[in-house]
Amino acid sequence: MHDAAVLPVTPTPLDPRVLRTWRLASLLGMLFVAPIVTALARWRDVPWAWSIAIALGVAFAIALVECWRDGLRYRRWRWHVDDIAVVLARGGIVRHVTTVPRFRLQHVDISRGPLEMRYGLATLTLHVAGSGEIEVPGLPVDLAEAARDALVRSLHAQWMREQGEETAART
C-alpha cells in the first residue's frame, strides 16, 4: 500500500515551474553557442559584423527550437504510482512510457540543481535493480520529499514481509 495523499495515483503533470527552469537552461546554453559560431565564422574570414549577426541568428534559432521542445516535453510528462508500479510517460517528439515494478526499486534519492533550488523544485531519482536510474524532474520540494519517504516506507514494508516469509519458511 502507499500513502494516496502523497503519491499521485492518476497520471499527474510536473510542476509548471519546471518549464521555466528548462527554458532558462536552454537559453543559458546559447551563451556558449554564440561565441563558438562567431569564432568559426571569423576563422572562415567572415567580417566581424556578419560573424556576430550569424552567431546571434543561429543562437536565436536554436533557442526557439529548444523552447518549443521544452514546452512539448512539459505537456507530455506524466507520472503516477499505483500499488504495483511507478509509471512515467514522457518525451517530446518520441514518446516513452516506463513502468517500473515497485519491487524493483532499490533506493530513492532527491537532487536539486541551482535552477531547481531557485524555483523551489527537486528531482526524484528512483534507482532500479538491473536498469540504472529513472528521474522525475520538476517536483515541488515538499512533494519530492514526501514521495521519497512514502516509497521508502513501502520498500521497508516489502522487505519486512519478505523477512517474515523467510522466517516462516525456515520453521
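The values are calculated or read from the model by the stated rules, or taken from the named source; none is laboratory data. The model shown is predicted, which means the values in this text are computed figures rather than measured ones. Positions of Cβ are generated from backbone atoms using ideal geometry, with glycine treated the same way; all protein chains shown enter the neighbour counts. Ligands, DNA and RNA are excluded from the accessible area calculation, which covers all protein heavy atoms including side chains. Shrake-Rupley method; radii C 1.70, N 1.55, O 1.52, S 1.80 Å.
Give the residues of segment 51-103 that are assigned to a helix (DSSP H, G or I), of a type in the set (A, V, I, L, M), touching a helix residue (DSSP H, G or I) at 6+ places or on another chain (Cβ under 9 Å) and open to solvent by less than 50 Å² (accessible area, probe 1.4 Å), sorted by residue number.
ALA55, ALA59, ALA63
Could you please give the count of residues in segment 104-133 that are open to solvent by 50 Å² or more (accessible area, probe 1.4 Å), outside any strand (DSSP E or B) and of a type outside the set (S, T, N, Q)?
Qualifying residue count, segment 104-133: 6.
Mind listing whichever residues of segment 29-39 are more than 24 Å from ASP70 (Cβ to Cβ) and either open to solvent by 100 Å² or more (accessible area, probe 1.4 Å) or among the hydroxyl-bearing types (Ser, Thr, Tyr) (or both)?
THR38 - this is the single residue of segment 29-39 that is more than 24 Å from ASP70 (Cβ to Cβ) and either open to solvent by 100 Å² or more (accessible area, probe 1.4 Å) or among the hydroxyl-bearing types (Ser, Thr, Tyr) (or both).
For segment 116-131, give me each residue that is under 14 Å from ASP15 (Cα atoms), touching a residue at least 40 places away in the same chain (Cβ under 8 Å) and touching a strand residue (DSSP E or B) at 6+ places or on another chain (Cβ under 8 Å).
GLU116, GLY120, LEU121, listed by residue number.
Can you tell me which residues in segment 1-28 are touching a Cys at 6+ places or on another chain (Cβ under 9 Å) and open to solvent by less than 30 Å² (accessible area, probe 1.4 Å)?
Of everything in segment 1-28, just one residue is touching a Cys at 6+ places or on another chain (Cβ under 9 Å) and open to solvent by less than 30 Å² (accessible area, probe 1.4 Å), namely SER26.
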